[in-house]
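K.L.:
Once you've had a glance at the structure underneath, I'll fire off some questions.
The values are calculated or read from the model by the stated rules, or taken from the named source; none is laboratory data. Nothing here was measured: the structure is a model prediction, and the numbers come from that model. Because the Cβ atoms are built from the backbone with ideal geometry, glycine has one as well, and the counts that use them run over all protein chains shown. Side chains are part of the model used for accessible areas, which takes the heavy atoms of the whole protein and leaves out ligands, DNA and RNA. Shrake-Rupley method; radii C 1.70, N 1.55, O 1.52, S 1.80 Å.
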Amino acid sequence: MSEAALQAIAEPRRREILKLVRDRPHSVNEIAEQVEVTQQAVSQHLKVLREAGLVEVRPQGQRRLYVMRPEGLEGVRALLEDLWPASLQRLKLAVEDDRR
């Protein structure tokens, strides 16, 4: 489990940034416009996310685009699945079966 990933997503702005770059790459400027913080603050958040393995940089000409690395969340997912009580998992599966 990646402790760095868990700490990175604990910050609300970083979760907001991850949602933005989940579906398509964004530049720092584009992210700053969307989350309404300075470019410098976005750069710091992206540095933490990058070091935690949650985003990667894709150079495109003069721009640097950031995109989410879903595999970076696998450790967090595994931890949550391990902590999730078995009875709640069975209830979840039963509810999903009823919906079908």
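K.L.:
Between the helical axis of 86-99 and the dominant principal axis of the chain, each derived from Cα atoms, what acute angle in degrees is found, rounded to the nearest 10?
P.N.:
That works out to roughly 90 degrees.
K.L.:
³J(HN,Hα) across region 3-9 via Karplus (A = 6.51, B = -1.76, C = 1.60, θ = phi - 60°), whole Hz, x for Gly/Pro?
P.N.:
Karplus values, whole Hz, x for Gly and Pro: 4, 4, 5, 4, 5, 5, 7.
K.L.:
Give me the 1.4 Å probe accessible area per residue for the chain, excluding ligands and nucleic acids, in Å². Each step should come with its number before you reach the end.
P.N.:
On the way: 7040 Å² over 100 residues.
For the chain, the solvent-accessible area averages 70 Å² per residue.
K.L.:
Once you put a point 7 Å from the Cα of GLU11 and another 7 Å from the Cα of GLN44, both along the Cβ direction, what distance in nm separates them?
P.N.:
My value for the distance between the label points is 0.7 nm.
K.L.:
Using 12 Å as the cut-off for backbone N distance, which residues of region 63-92 belong to the label zone defined by a point 7 Å from the Cα of ASP23 along Cα→Cβ?
P.N.:
none
K.L.:
Quick one: among GLN89, GLN60, GLN40, which has the greatest mean-square fluctuation in a GNM of the chain with alpha-carbon springs under 10 angstrom?
P.N.:
GLN89
K.L.:
Something else about it: Quick one: Cα centre-to-centre distance for region 1-76 and region 78-100, in angstrom?
P.N.:
29 Å
K.L.:
Whose amide H sits under 5 Å from the amide H of VAL55, counting only residues 5 or more places off or on another chain, with H placed in the peptide plane?
P.N.:
The list, which skips near neighbours in sequence, is ARG50, ARG69.
K.L.:
Residue separation times 0.36 nm, minus the C-alpha to C-alpha distance between LEU93 and LEU79: what's the value?
P.N.:
3.1 nm
K.L.:
Could I have the simple spin-label model distance between ARG63 and GLU36, label points 7 Å from Cα toward Cβ, reported in nm to one decimal?
P.N.:
Distance between label points: 2.3 nm.
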